[in-house]
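The next block holds one structure in the form of C-alpha coordinates; read it before the comments.
The values are calculated or read from the model by the stated rules, or taken from the named source; none is laboratory data. None of these values were measured; they are calculated from a predicted model. Quick reminder, even Gly has a Cβ in these numbers, built from the backbone with ideal geometry, and neighbours come from all protein chains shown. Heads up: the accessible areas ignore ligands, DNA and RNA and are worked out on the full protein's heavy atoms, side chains in. Shrake-Rupley method; radii C 1.70, N 1.55, O 1.52, S 1.80 Å.
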Amino acid sequence: MTTAEPDGLTPEQLAAFHRDGYAIIPDALPPSTVAALLDETHRLLDSLDLSTHPLTRFRTGGDTGDDHVGDDYFLSSGDKIRFFLEEDAFDAAGRLVRPKHRAVNKIGHFLHGLSPPFAALLARDPGDERGFVDGLRARPAAVARQLGYADPRVLQSMVICKQPEIGGAVPPHQDSTFLYTDPPSAVGFWYALEDATLENGCLSFLPGSHRWAPVERRLVRKKPARRSAAGATKTTTTTTTTTSAREGTAEEPEPGQAGGFGNSDGDGQGTIMVPNDGPRFPRGQGYGEEAGREQDKARGYVPGEVKAGSLVLIHGNLLHKSEKNTSQKGRIIYTFHVIEGGDGHVYDERNWLQPPAEGFTKLYRS
(Lines give C-alpha, C1' and ligand atoms only; values in the text may rest on other atoms or scores of the structure.)
Protein backbone atom coordinates (compact mmCIF):
# COMPACT_ATOMS: atom_id res chain seq x y z
CA MET A 1 0.00 0.00 0.00
CA THR A 2 1.58 3.25 -1.08
CA THR A 3 1.97 6.33 1.08
CA ALA A 4 2.93 8.74 -1.69
CA GLU A 5 0.78 9.44 -4.74
CA PRO A 6 0.61 12.62 -6.79
CA ASP A 7 -2.62 14.50 -5.98
CA GLY A 8 -3.38 12.02 -3.20
CA LEU A 9 -3.52 12.16 0.59
CA THR A 10 -0.64 13.50 2.62
CA PRO A 11 1.12 10.93 4.83
CA GLU A 12 -0.61 12.49 7.86
CA GLN A 13 -4.05 12.23 6.25
CA LEU A 14 -3.45 8.63 5.22
CA ALA A 15 -2.29 7.75 8.74
CA ALA A 16 -5.39 9.40 10.21
CA PHE A 17 -7.65 7.35 7.93
CA HIS A 18 -6.02 4.06 8.95
CA ARG A 19 -6.01 5.02 12.65
CA ASP A 20 -9.44 6.64 13.00
CA GLY A 21 -11.42 5.26 10.04
CA TYR A 22 -11.91 8.71 8.56
CA ALA A 23 -9.84 11.65 7.39
CA ILE A 24 -10.74 15.30 6.81
CA ILE A 25 -9.09 17.04 3.87
CA PRO A 26 -9.74 20.81 4.04
CA ASP A 27 -10.06 22.79 0.80
CA ALA A 28 -10.19 19.65 -1.34
CA LEU A 29 -12.53 21.44 -3.75
CA PRO A 30 -11.52 24.82 -5.21
CA PRO A 31 -14.07 27.57 -4.44
CA SER A 32 -15.04 27.75 -8.13
CA THR A 33 -15.88 24.03 -8.09
CA VAL A 34 -17.97 24.38 -4.93
CA ALA A 35 -19.93 27.13 -6.66
CA ALA A 36 -20.34 25.06 -9.84
CA LEU A 37 -21.64 22.04 -7.91
CA LEU A 38 -24.08 24.17 -5.96
CA ASP A 39 -25.29 25.71 -9.23
CA GLU A 40 -25.80 22.22 -10.66
CA THR A 41 -27.66 21.15 -7.53
CA HIS A 42 -30.06 24.09 -7.84
CA ARG A 43 -30.49 23.42 -11.56
CA LEU A 44 -31.51 19.85 -10.75
CA LEU A 45 -33.92 21.03 -8.08
CA ASP A 46 -35.44 23.46 -10.57
CA SER A 47 -36.03 20.54 -12.95
CA LEU A 48 -38.08 18.57 -10.42
CA ASP A 49 -41.73 18.32 -11.51
CA LEU A 50 -43.76 17.38 -8.46
CA SER A 51 -46.87 16.77 -10.58
CA THR A 52 -45.26 13.62 -12.00
CA HIS A 53 -43.25 12.61 -8.93
CA PRO A 54 -44.35 9.62 -6.80
CA LEU A 55 -43.57 11.69 -3.66
CA THR A 56 -41.20 9.04 -2.36
CA ARG A 57 -39.96 9.99 1.08
CA PHE A 58 -36.46 9.01 2.11
CA ARG A 59 -36.38 7.09 5.39
CA THR A 60 -33.28 5.66 7.03
CA GLY A 61 -35.36 3.13 8.95
CA GLY A 62 -34.47 4.54 12.36
CA ASP A 63 -32.20 2.76 14.80
CA THR A 64 -33.11 -0.69 13.48
CA GLY A 65 -33.20 0.15 9.76
CA ASP A 66 -36.33 -2.00 9.41
CA ASP A 67 -38.41 0.77 7.83
CA HIS A 68 -35.91 1.95 5.20
CA VAL A 69 -37.31 3.36 1.97
CA GLY A 70 -37.73 0.61 -0.61
CA ASP A 71 -40.23 1.42 -3.36
CA ASP A 72 -39.35 0.86 -7.01
CA TYR A 73 -38.61 4.54 -7.61
CA PHE A 74 -35.81 4.15 -5.05
CA LEU A 75 -34.63 0.67 -5.99
CA SER A 76 -34.30 1.48 -9.70
CA SER A 77 -32.41 4.74 -9.17
CA GLY A 78 -28.87 3.38 -9.43
CA ASP A 79 -28.39 4.58 -13.01
CA LYS A 80 -30.69 7.61 -12.86
CA ILE A 81 -31.07 11.00 -11.24
CA ARG A 82 -34.04 10.93 -8.89
CA PHE A 83 -35.36 12.97 -5.99
CA PHE A 84 -36.28 11.76 -2.50
CA LEU A 85 -38.23 13.95 -0.10
CA GLU A 86 -37.94 14.72 3.61
CA GLU A 87 -40.50 13.00 5.82
CA ASP A 88 -41.14 16.22 7.72
CA ALA A 89 -41.92 18.08 4.49
CA PHE A 90 -45.41 16.50 4.72
CA ASP A 91 -48.21 17.22 7.15
CA ALA A 92 -50.16 14.62 9.11
CA ALA A 93 -52.57 14.18 6.19
CA GLY A 94 -49.73 13.38 3.79
CA ARG A 95 -49.77 16.72 1.98
CA LEU A 96 -46.48 18.26 0.91
CA VAL A 97 -46.25 21.55 2.80
CA ARG A 98 -42.76 22.74 1.78
CA PRO A 99 -41.62 24.22 -1.54
CA LYS A 100 -39.62 21.69 -3.54
CA HIS A 101 -36.26 23.38 -2.94
CA ARG A 102 -36.89 22.97 0.81
CA ALA A 103 -38.50 19.52 0.59
CA VAL A 104 -35.84 17.34 -1.09
CA ASN A 105 -33.76 15.15 1.22
CA LYS A 106 -31.43 13.87 -1.48
CA ILE A 107 -30.81 13.54 -5.22
CA GLY A 108 -29.35 10.25 -6.48
CA HIS A 109 -27.89 7.90 -7.37
CA PHE A 110 -25.98 8.32 -10.66
CA LEU A 111 -24.81 11.91 -10.55
CA HIS A 112 -21.26 10.76 -11.28
CA GLY A 113 -22.46 9.41 -14.63
CA LEU A 114 -25.22 11.77 -15.75
CA SER A 115 -24.18 15.17 -14.39
CA PRO A 116 -20.97 16.53 -16.01
CA PRO A 117 -19.99 18.83 -13.10
CA PHE A 118 -20.12 15.92 -10.66
CA ALA A 119 -18.56 13.45 -13.10
CA ALA A 120 -15.56 15.74 -13.51
CA LEU A 121 -14.48 15.04 -9.92
CA LEU A 122 -13.51 11.51 -10.99
CA ALA A 123 -11.12 12.64 -13.75
CA ARG A 124 -7.43 11.99 -13.15
CA ASP A 125 -5.89 14.14 -15.88
CA PRO A 126 -6.91 16.81 -18.43
CA GLY A 127 -7.30 14.15 -21.12
CA ASP A 128 -10.10 12.36 -19.27
CA GLU A 129 -13.38 12.58 -21.18
CA ARG A 130 -15.22 13.18 -17.91
CA GLY A 131 -13.62 16.61 -17.70
CA PHE A 132 -11.01 17.80 -15.23
CA VAL A 133 -11.08 19.93 -12.08
CA ASP A 134 -7.93 22.01 -11.87
CA GLY A 135 -6.70 22.48 -8.30
CA LEU A 136 -8.58 19.48 -6.88
CA ARG A 137 -6.87 17.97 -3.86
CA ALA A 138 -6.99 14.27 -2.96
CA ARG A 139 -8.17 13.15 -6.40
CA PRO A 140 -10.30 10.01 -5.99
CA ALA A 141 -8.18 7.80 -8.26
CA ALA A 142 -4.99 8.77 -6.43
CA VAL A 143 -6.62 8.16 -3.05
CA ALA A 144 -7.92 4.77 -4.19
CA ARG A 145 -4.41 3.74 -5.20
CA GLN A 146 -3.09 4.77 -1.80
CA LEU A 147 -5.77 2.64 -0.14
CA GLY A 148 -4.76 -0.37 -2.20
CA TYR A 149 -7.68 -0.68 -4.61
CA ALA A 150 -6.90 -2.78 -7.68
CA ASP A 151 -10.07 -1.96 -9.64
CA PRO A 152 -12.22 0.57 -7.77
CA ARG A 153 -15.81 1.07 -8.91
CA VAL A 154 -17.92 4.15 -8.19
CA LEU A 155 -21.56 3.88 -7.10
CA GLN A 156 -24.31 5.58 -5.10
CA SER A 157 -23.47 9.21 -5.84
CA MET A 158 -25.89 11.67 -4.32
CA VAL A 159 -26.49 15.19 -3.11
CA ILE A 160 -27.85 15.32 0.43
CA CYS A 161 -29.58 18.59 1.29
CA LYS A 162 -30.17 18.39 5.08
CA GLN A 163 -32.90 20.99 4.86
CA PRO A 164 -33.30 23.83 7.40
CA GLU A 165 -35.55 22.90 10.34
CA ILE A 166 -36.58 19.49 8.94
CA GLY A 167 -33.37 17.78 7.77
CA GLY A 168 -33.69 14.38 9.42
CA ALA A 169 -31.24 12.74 11.80
CA VAL A 170 -29.30 9.71 10.59
CA PRO A 171 -28.63 7.12 13.32
CA PRO A 172 -25.24 5.41 13.78
CA HIS A 173 -24.50 3.23 10.77
CA GLN A 174 -21.77 1.70 8.60
CA ASP A 175 -21.75 2.27 4.84
CA SER A 176 -20.87 -1.37 4.14
CA THR A 177 -24.27 -2.33 5.56
CA PHE A 178 -25.79 -0.84 2.41
CA LEU A 179 -23.05 -1.49 -0.19
CA TYR A 180 -21.81 -4.91 0.86
CA THR A 181 -19.04 -6.75 -0.91
CA ASP A 182 -17.55 -10.10 0.10
CA PRO A 183 -15.26 -9.17 1.79
CA PRO A 184 -16.25 -5.59 2.75
CA SER A 185 -14.47 -2.88 0.74
CA ALA A 186 -16.58 0.31 0.69
CA VAL A 187 -15.12 3.76 1.25
CA GLY A 188 -17.14 6.99 1.09
CA PHE A 189 -16.02 10.31 -0.41
CA TRP A 190 -18.08 13.06 1.27
CA TYR A 191 -17.72 16.65 0.02
CA ALA A 192 -19.15 19.63 1.91
CA LEU A 193 -20.70 22.14 -0.51
CA GLU A 194 -21.82 24.29 2.41
CA ASP A 195 -20.36 24.61 5.90
CA ALA A 196 -21.33 21.64 8.08
CA THR A 197 -21.79 22.62 11.73
CA LEU A 198 -23.23 21.23 14.94
CA GLU A 199 -26.27 23.43 14.39
CA ASN A 200 -27.11 22.19 10.89
CA GLY A 201 -26.35 18.50 11.42
CA CYS A 202 -22.69 17.80 10.69
CA LEU A 203 -21.38 14.25 10.73
CA SER A 204 -20.07 12.66 13.92
CA PHE A 205 -17.68 9.71 14.01
CA LEU A 206 -16.68 7.01 16.48
CA PRO A 207 -12.92 7.05 15.83
CA GLY A 208 -11.32 3.64 15.54
CA SER A 209 -14.61 1.76 15.33
CA HIS A 210 -13.74 0.52 11.82
CA ARG A 211 -11.20 -1.80 13.44
CA TRP A 212 -13.60 -3.56 15.82
CA ALA A 213 -17.20 -2.90 14.66
CA PRO A 214 -18.25 -5.80 12.41
CA VAL A 215 -20.78 -5.43 9.60
CA GLU A 216 -23.45 -7.39 11.44
CA ARG A 217 -26.47 -6.61 9.25
CA ARG A 218 -27.20 -5.73 5.65
CA LEU A 219 -29.91 -3.86 3.80
CA VAL A 220 -31.10 -6.15 1.01
CA ARG A 221 -33.95 -6.44 -1.45
CA LYS A 222 -36.85 -8.59 -0.39
CA LYS A 223 -36.60 -10.37 -3.72
CA PRO A 224 -33.81 -10.53 -6.30
CA ALA A 225 -33.25 -7.66 -8.72
CA ARG A 226 -35.14 -7.95 -11.99
CA ARG A 227 -32.13 -8.39 -14.23
CA SER A 228 -30.03 -11.18 -15.65
CA ALA A 229 -27.25 -12.56 -13.52
CA ALA A 230 -24.56 -11.20 -15.85
CA GLY A 231 -22.90 -8.22 -14.26
CA ALA A 232 -25.23 -8.27 -11.26
CA THR A 233 -23.25 -10.33 -8.77
CA LYS A 234 -19.70 -9.25 -9.52
CA THR A 235 -18.26 -5.80 -10.03
CA THR A 236 -15.92 -6.84 -12.80
CA THR A 237 -17.66 -5.23 -15.77
CA THR A 238 -17.21 -1.66 -16.91
CA THR A 239 -19.55 1.20 -17.50
CA THR A 240 -19.22 4.47 -19.35
CA THR A 241 -20.78 7.80 -18.54
CA THR A 242 -23.43 7.56 -21.22
CA THR A 243 -26.62 9.52 -20.63
CA SER A 244 -30.25 8.56 -20.52
CA ALA A 245 -32.92 10.17 -22.65
CA ARG A 246 -33.75 12.55 -19.84
CA GLU A 247 -30.31 13.39 -18.53
CA GLY A 248 -30.18 15.48 -15.40
CA THR A 249 -33.93 15.99 -15.01
CA ALA A 250 -36.68 14.67 -12.80
CA GLU A 251 -38.26 11.59 -14.29
CA GLU A 252 -41.91 10.68 -14.58
CA PRO A 253 -42.89 7.46 -12.82
CA GLU A 254 -42.43 4.44 -15.03
CA PRO A 255 -45.48 2.41 -16.07
CA GLY A 256 -46.71 0.39 -13.13
CA GLN A 257 -44.24 2.06 -10.79
CA ALA A 258 -45.16 2.33 -7.15
CA GLY A 259 -45.56 5.76 -5.66
CA GLY A 260 -46.18 4.82 -2.05
CA PHE A 261 -44.27 5.74 1.05
CA GLY A 262 -43.55 2.27 2.43
CA ASN A 263 -40.50 0.07 2.10
CA SER A 264 -42.15 -2.18 -0.48
CA ASP A 265 -44.24 -1.78 -3.60
CA GLY A 266 -47.40 -3.45 -4.71
CA ASP A 267 -45.83 -6.65 -6.05
CA GLY A 268 -43.67 -7.40 -3.02
CA GLN A 269 -40.49 -5.53 -3.89
CA GLY A 270 -38.84 -3.66 -1.04
CA THR A 271 -35.95 -3.73 1.40
CA ILE A 272 -35.26 -5.47 4.68
CA MET A 273 -32.41 -5.67 7.17
CA VAL A 274 -30.98 -9.18 7.52
CA PRO A 275 -28.09 -10.69 9.50
CA ASN A 276 -24.79 -10.68 7.62
CA ASP A 277 -23.65 -14.27 7.12
CA GLY A 278 -20.52 -13.25 5.17
CA PRO A 279 -17.20 -11.66 6.15
CA ARG A 280 -17.65 -8.77 8.56
CA PHE A 281 -14.32 -7.00 8.10
CA PRO A 282 -12.15 -6.13 5.12
CA ARG A 283 -9.07 -8.17 4.38
CA GLY A 284 -5.89 -7.15 6.11
CA GLN A 285 -4.33 -6.96 9.53
CA GLY A 286 -5.61 -4.87 12.40
CA TYR A 287 -9.27 -5.83 12.20
CA GLY A 288 -10.99 -7.72 15.01
CA GLU A 289 -13.98 -7.37 17.25
CA GLU A 290 -11.96 -6.84 20.45
CA ALA A 291 -9.13 -4.54 19.40
CA GLY A 292 -9.58 -1.12 21.03
CA ARG A 293 -13.35 -1.44 21.48
CA GLU A 294 -13.68 -0.23 25.07
CA GLN A 295 -11.19 2.61 24.69
CA ASP A 296 -12.91 3.92 21.56
CA LYS A 297 -16.38 3.62 23.09
CA ALA A 298 -15.24 5.54 26.15
CA ARG A 299 -13.97 8.32 23.91
CA GLY A 300 -17.37 8.60 22.23
CA TYR A 301 -18.48 10.22 19.01
CA VAL A 302 -16.47 13.17 17.70
CA PRO A 303 -18.23 15.88 15.67
CA GLY A 304 -16.79 16.62 12.25
CA GLU A 305 -17.50 20.28 11.64
CA VAL A 306 -16.03 21.24 8.26
CA LYS A 307 -15.98 24.19 5.90
CA ALA A 308 -17.40 24.14 2.39
CA GLY A 309 -14.91 22.52 0.03
CA SER A 310 -13.71 19.94 2.55
CA LEU A 311 -13.56 16.23 1.77
CA VAL A 312 -14.27 13.61 4.43
CA LEU A 313 -13.04 10.12 3.61
CA ILE A 314 -15.06 7.43 5.46
CA HIS A 315 -14.17 3.74 5.95
CA GLY A 316 -17.06 1.37 5.22
CA ASN A 317 -16.95 -0.19 8.72
CA LEU A 318 -16.77 3.13 10.58
CA LEU A 319 -19.71 4.00 12.82
CA HIS A 320 -20.91 7.51 12.05
CA LYS A 321 -24.12 9.52 12.34
CA SER A 322 -25.65 13.00 12.04
CA GLU A 323 -28.26 14.89 14.03
CA LYS A 324 -31.37 16.65 12.79
CA ASN A 325 -30.91 20.10 11.31
CA THR A 326 -32.90 22.37 13.60
CA SER A 327 -31.25 25.56 12.34
CA GLN A 328 -32.31 28.02 9.66
CA LYS A 329 -29.35 27.10 7.47
CA GLY A 330 -29.12 24.14 5.09
CA ARG A 331 -26.25 21.70 4.74
CA ILE A 332 -25.76 20.56 1.15
CA ILE A 333 -23.12 17.89 0.53
CA TYR A 334 -22.12 15.58 -2.32
CA THR A 335 -21.03 12.02 -1.73
CA PHE A 336 -20.19 8.87 -3.64
CA HIS A 337 -18.76 5.50 -2.70
CA VAL A 338 -16.03 3.24 -4.01
CA ILE A 339 -15.90 -0.54 -3.77
CA GLU A 340 -13.31 -3.06 -4.91
CA GLY A 341 -14.18 -4.58 -8.27
CA GLY A 342 -11.08 -6.72 -8.65
CA ASP A 343 -10.81 -10.49 -8.41
CA GLY A 344 -11.76 -11.89 -5.05
CA HIS A 345 -14.46 -9.33 -4.24
CA VAL A 346 -18.11 -10.06 -4.99
CA TYR A 347 -20.91 -7.48 -4.96
CA ASP A 348 -24.00 -9.25 -3.67
CA GLU A 349 -27.06 -9.52 -5.93
CA ARG A 350 -29.27 -8.96 -2.88
CA ASN A 351 -27.91 -5.46 -2.21
CA TRP A 352 -30.53 -2.74 -2.60
CA LEU A 353 -28.43 -0.98 -5.24
CA GLN A 354 -27.72 -3.10 -8.29
CA PRO A 355 -25.37 -2.28 -11.17
CA PRO A 356 -26.61 -1.28 -14.61
CA ALA A 357 -26.06 -3.72 -17.46
CA GLU A 358 -22.64 -2.18 -18.13
CA GLY A 359 -21.54 -2.60 -14.49
CA PHE A 360 -20.46 0.02 -12.00
CA THR A 361 -18.29 2.90 -13.14
CA LYS A 362 -14.55 2.25 -13.32
CA LEU A 363 -12.53 4.84 -11.45
CA TYR A 364 -9.23 3.96 -13.11
CA ARG A 365 -9.08 4.67 -16.83
CA SER A 366 -6.38 3.02 -18.94
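General remarks:
- Which listed residue, of Ala119, Ala123, Ala138, Ala89, is open to solvent by less than 10 Å² (accessible area, probe 1.4 Å) and closer than 20 Å to Arg43 by Cβ: Ala119
- Scope the stretch 312-358; condition farther than 21 Å from Ala142 by Cα, of a type in the set (Gly, Ala, Ser) and surrounded by fewer than 21 Cβ atoms within 10 Å (Cβ to Cβ); matching residues: Ser327, Gly330, Gly344, Ala357
- Selection from the stretch 188-229 of residues that are open to solvent by 10 Å² or more (accessible area, probe 1.4 Å), closer than 22 Å to Leu111 by Cβ and modelled with pLDDT of 95 or more: Trp190, Glu194, Asp195, Leu203
- Qualifying residue in the stretch 4-12 (condition: modelled with pLDDT of 95 or more and β-branched (Val, Ile, Thr)): yes
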